[in-house]
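Engineer: This is the structure I have questions about; it appears just below.
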Amino acid sequence: MPDQEDTSLVCNSPQRRLFLRRSALAGAGAAISPAFARVREFTGSPTAQIKAFDLDELTIADLQAVMDSGKFSAHSITQKYLARIEEIDKHGPAINSVIEVNPDALAIADALDRERKENRVRGPMHGIPVLIKDNIDTADRMQTTAGSLALLGSKPVRDSFVAQKLREAGAVILGKTNLSEWANIRSSHSSSGWSARGGQTLNPYVLDRNPCGSSSGSGAATSANLCTVAVGSETDGSVVCPASANGLVGIKPTLGLISRSGIIPIAHSQDTAGPMARTVGDAAILLSALAGIDRRDSATAASEGKSSIDYTKFLDPHGLRGARIGVARKYFGANDAQDQLMNNLIDDMKRQGAEIIDPADLPTHGKFDKTELVVLLYELKADLNAYLAARPGAPASLKDIINFNDANRDKEMPYFGQDLFVKAEAKGPLSEKEYTDALEANHRLSRQEGIDAVMD
């Protein structure tokens, strides 16, 4: 992070959420995306400011308190977030994390306000504005595109289970967030946070640094206080990486805890939605709202009787006492400042009673890469073809998406191609030995061999 005396904008946020004035990569970013030209234009102004924001860093509990008191309503809170999106996401630093605003957001908030006046509060999410990733289906006036121009204009026939659960909980679905197109599975040389439909999402800490993908929009938007909480999705790091890069709490739940029905897929053996929030408490509240059994996703049957309707009951300020935490030192060494930060945090955990196992490097580290990619490519073709076949007006198959991208190369592929899509299309059915062997290896390395390594 550059020196604070000449980088911090005038802003009402705490120190950890200051937007930064200086472009860290100088002119290099322009080669990736025109968005970085806007970064330099904004950050070069000595008078650039971010206005004070009434809802800055407020938690779900804070917002429930002000709604209960009558100080704010769901309508006024939603309106404030919409104005914030217009001010700093579409203009100002132009973080570009929100790909689309819900045109019905204020009407939804009004209906929830009426329920509150009638003493019908559904729970802690009642009236809380949430942003969701643009690969999560909503059967409303918004698009669901995974950032691809190929899906513009085709509409899902029903809400995803995630959207359904949010509506049932009384959340205001504020809009959709930008993402790495197709959740970062189109190319092995992609830019995290870029999609043909949405452009490049920026990191609100340092505007030309990686916001991390593929739930980059959900991460940047939540960190910049454009919503209270957000929903991302993860196959391999797409919730936890943007949560880390944007200073958030991100949870990738156990597979099957949150239904995947109505989420544009990559791979059924790894995909799941997950909460992204500024506090652990908010993440627990959102997880409680999203978890549930869904007959459209057989994986959720395994959580019958095991999931909780209220994960906040597990919040414990003394939870580190007696906890055994391993330090994977193989991930250290890339950046001295980052290593020092991590070591300081490890010391903090020790002081709070954790038992630190250092090092705790697993012998299976790095052994998944080849077999994991094989599994992802096979499942991408099978799962995406099944999703597209059930969506009216959409391209019928992965092959059709590849052809669309080739025909619209100037808009869809100005910076990188679609080599992973092409490799996936070349794969056969899930009965092929290459796939079954790779899946078995992944399970063995991550399950029994991983457990044995930890026990040793």
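The values are calculated or read from the model by the stated rules, or taken from the named source; none is laboratory data. Predicted model only: the values in this text are computed from it and were never measured. Every residue, glycine among them, receives a Cβ derived from its backbone with ideal geometry; neighbour counts consider all protein chains shown. These area figures cover heavy atoms from the full protein model, side chains too; ligands, DNA and RNA do not enter into them. Shrake-Rupley method; radii C 1.70, N 1.55, O 1.52, S 1.80 Å.
Engineer: For region 64-77, does any single residue satisfy the condition of being assigned to a loop (DSSP other than H, G, I, E, B), over 30 Å from residue 310 (Cβ atoms) and at pLDDT 95 or above?
Structural biologist: No, region 64-77 contains no residue that is assigned to a loop (DSSP other than H, G, I, E, B), over 30 Å from residue 310 (Cβ atoms) and at pLDDT 95 or above.
Engineer: Please pick out the residue among 56, 104 that is among the charged types (D, E, K, R) and either at pLDDT below 95 or under 14 Å from residue 225 (Cα atoms) (or both).
Structural biologist: Going through 56, 104 in turn, just one is among the charged types (D, E, K, R) and either at pLDDT below 95 or under 14 Å from residue 225 (Cα atoms) (or both): 56.
Engineer: Something else about it: Can you tell me which residue in region 386-412 is nearest to the chain's Cα centre (by Cα), limited to those that are open to solvent by less than 40 Å² (accessible area, probe 1.4 Å) and without any contact (Cβ under 8 Å) to a residue 24 or more places away in the chain?
Structural biologist: 388
Engineer: Considering only residues that are in contact with a strand residue (DSSP E or B) (Cβ under 8 Å, 6 or more places away or on another chain), polar (S, T, N, Q) and within 25 Å of residue 168 (Cβ to Cβ), which ones fall in region 65-122?
Structural biologist: 78, 102
Engineer: If only one of 131, 174 is buried (at least 24 other Cβ atoms within 10 Å of the Cβ), farther than 30 Å from residue 410 by Cα and within 20 Å of the chain's Cα centre (by Cα), which one is it?
Structural biologist: Result of the check over 131, 174: 174.
Engineer: Which of the numbered conditions does residue 98 fail, given that it passes all the others? Conditions: (1) among the β-branched types (Val, Ile, Thr); (2) modelled with pLDDT under 55; (3) buried (at least 20 other Cβ atoms within 10 Å of the Cβ).
Structural biologist: It fails just one condition, (2).
Engineer: Next question. Kindly indicate the residue of region 111-128 that is over 15 Å from residue 80 (Cβ atoms) and touching a helix residue (DSSP H, G or I) at 6+ places or on another chain (Cβ under 8 Å) and also most open to solvent (accessible area, probe 1.4 Å) among those meeting that condition.
Structural biologist: Looking at residues that are over 15 Å from residue 80 (Cβ atoms) and touching a helix residue (DSSP H, G or I) at 6+ places or on another chain (Cβ under 8 Å), I get 122.
Engineer: Which of (1) surrounded by fewer than 20 Cβ atoms within 10 Å (Cβ to Cβ); (2) in contact with a helix residue (DSSP H, G or I) (Cβ under 7 Å, 6 or more places away or on another chain); (3) of a type outside the set (A, V, I, L, M, F, W, C); (4) not in a loop (DSSP other than H, G, I, E, B) does residue 165 not meet, given it meets every other one?
Structural biologist: Residue 165 satisfies every listed condition except (1).
Engineer: Another question, then. If you scan region 64-81, which residues turn out to be surrounded by fewer than 21 Cβ atoms within 10 Å (Cβ to Cβ) and out of contact with any helix residue (DSSP H, G or I) (no Cβ under 6 Å at 6 or more places or on another chain)?
Structural biologist: Selection gives 64, 65, 66, 68, 69, 70, 71, 76, 79, 80.
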